[in-house]
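One structure below.
The values are calculated or read from the model by the stated rules, or taken from the named source; none is laboratory data. This structure is a prediction, so every number in the text was calculated from the model and none was measured. Here Cβ is always computed from backbone atoms with ideal geometry, including for glycine, and neighbour counts include all displayed protein chains. Note: areas computed on protein heavy atoms with side chains; ligands, DNA, RNA excluded. Shrake-Rupley method; radii C 1.70, N 1.55, O 1.52, S 1.80 Å.
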Amino acid sequence: MLRSGEMRKSRSTLAYLTADHHPYMAGDHGGNVNPMRLFVLVFLTFLGFIPQDAVIVNPKMVTVEFENDRVRILRVHFAPYERLDMHSHPALIVVAVTPNSRRAFQPDGSHQDLTGKAGDVAWREPLSHAVENLGKEPIENIEIEFKKATSPGVSVPRTDFSRIPSAQPDVVPVDREGHHAVLFENQYARVLDVRIPPGETTQFHTHTHDNISIRISGGQIQTQFQGKEWQPSAVKPGAVVFSEGSKNPYTHRIENLGASVYQVVDVELLP
């Protein structure tokens, strides 16, 4: 049974979760709450568990990198052996910035031990869990929550562009560029693993969707937008950049000036 203080906290959490701005309960363009998520909320409430937003649960561990009407991008940092208590997400993509060894707890108390490497990417349907860092090294993830993912993610067949002539033979779509490998694609997103060896340069390629670029490795690169001069830059591991390619498509190429492979995970948001 909930004590009075816990009841007040549960009621305030419930009010927050049913608000339009909360990603777990985000509805359609008309502001209607997704009925499937509402059912999940009511069911979990009946069981005595109120889903909570990760940023509210521990704002020191979880920070918002970027947010708009479609996505919310979280940076989650675990100190050695640190635990993030029970919280909830809408459908999301998780990108590991660092290697990790972790334990995931379910609301029923069961748990699963998991390991991963930097650059690992996973699509997750809506879930509630707690997570504990099992290692002596910090863990960092970038988590992209999809506010309008109202149905489960379904794999989408890729278009065969090899038979389609290009108006600019020296320019290719981003998913046809040789250093960009498609990891997976569903109705919400296309995820590409970008790896540029030292001294190599990508082809000119065009981004036509809003996209989120997560730098897995750091180093020295230079970027050239079509018709512009080269622009050198130093990149930090874990840096995140949101680009509004749907409104302002852009064509560029990248050269790796460093001594090791430059790796990026590129998440293209599909219309």
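Here is the figure for the range 227-271: residues that are without any contact (Cβ under 8 Å) to a residue 40 or more places away in the chain and not in a loop (DSSP other than H, G, I, E, B) total 9. Within the range 241-265, if we keep just the residues that are under 19 Å from residue 206 (Cα atoms) and of a type in the set (A, V, I, L, M, F, W, C), the residue that is surrounded by the most Cβ atoms within 10 Å (Cβ to Cβ) turns out to be 265. Considering the conditions (1) loosely packed, with under 15 Cβ neighbours inside 10 Å; (2) in contact with a Leu (Cβ under 6 Å, 6 or more places away or on another chain), residue 229 is excluded by exactly one of them, (2).
Taking each residue of the range 94-118 that is in contact (Cβ under 8 Å) with a residue 24 or more places away in the chain and looking for partners that are assigned to a strand (DSSP E or B) and small (Gly, Ala, Ser) with beta-carbon atoms closer than 6 Å, six or more apart or interchain, yields 94/122; 96/116; 100/116; 105/130; 107/128; 118/96. Checked against the criterion of being open to solvent by 60 Å² or more (accessible area, probe 1.4 Å), assigned to a strand (DSSP E or B) and touching a residue at least 12 places away in the same chain (Cβ under 8 Å), the range 203-214 has no qualifying residue.
For the structure I just gave you, tell me whether residue 108 is in contact with a strand residue (DSSP E or B) (Cβ under 6 Å, 6 or more places away or on another chain), open to solvent by 60 Å² or more (accessible area, probe 1.4 Å) and on the phi < 0 side of the Ramachandran plot.
No; evaluated as a whole, the condition is false for this residue.
Residues in the range 59-102 that are surrounded by fewer than 15 Cβ atoms within 10 Å (Cβ to Cβ), more than 18 Å from residue 240 (Cα to Cα) and in contact with a Leu (Cβ under 8 Å, 6 or more places away or on another chain): 81 alone.
Report, by residue number, each residue of the range 85-124 that is charged (D, E, K, R) and in contact with an Asp or Glu (Cβ under 9 Å, 6 or more places away or on another chain). Across the range 85-124, the qualifying residues are 102, 103, 124. Filtering the range 119-130 to residues that are in contact (Cβ under 8 Å) with a residue 40 or more places away in the chain and not aromatic (Phe, Trp, Tyr) leaves 119, 121, 126, 128, 129, 130.
Taking the residues in the range 79-95 that are of a type in the set (A, V, I, L, M) and not in a strand (DSSP E or B) as candidates, determine which candidate is farthest from residue 128 (Cα to Cα).
So the first thing to find is which residues in the range 79-95 are of a type in the set (A, V, I, L, M), and the list is 79, 84, 86, 91-95.
In the following step, the residues that additionally are not in a strand (DSSP E or B) were identified as 79, 91.
Details: 79: 21, 91: 11 Å.
Checking each candidate, the answer is 79.
Would you mind stating whether residue 157 is at pLDDT 95 or above, part of a loop (DSSP other than H, G, I, E, B) and not charged (D, E, K, R)?
Values: at pLDDT 95 or above: no; part of a loop (DSSP other than H, G, I, E, B): yes; not charged (D, E, K, R): yes.
Spelling it out, it is not the case that residue 157 is at pLDDT 95 or above, part of a loop (DSSP other than H, G, I, E, B) and not charged (D, E, K, R).
To keep it simple, each residue is scored yes or no on (1) under 22 Å from residue 65 (Cβ atoms); (2) modelled with pLDDT under 95; (3) small (Gly, Ala, Ser); (4) surrounded by fewer than 16 Cβ atoms within 10 Å (Cβ to Cβ).
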{"position": "123", "(1), (2), (3), (4)": "yes, no, no, no"}
{"position": "132", "(1), (2), (3), (4)": "no, no, no, no"}
{"position": "136", "(1), (2), (3), (4)": "no, no, no, yes"}
{"position": "145", "(1), (2), (3), (4)": "yes, no, no, no"}
{"position": "179", "(1), (2), (3), (4)": "no, no, no, no"}
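State all residues of the range 175-210 that are polar (S, T, N, Q) and under 24 Å from residue 117 (Cβ atoms); if no residue qualifies, say none.
If we filter the range 175-210 for residues that are polar (S, T, N, Q), which is where we start, we get 186-187, 201-203, 206, 208.
Result: 186, 202.
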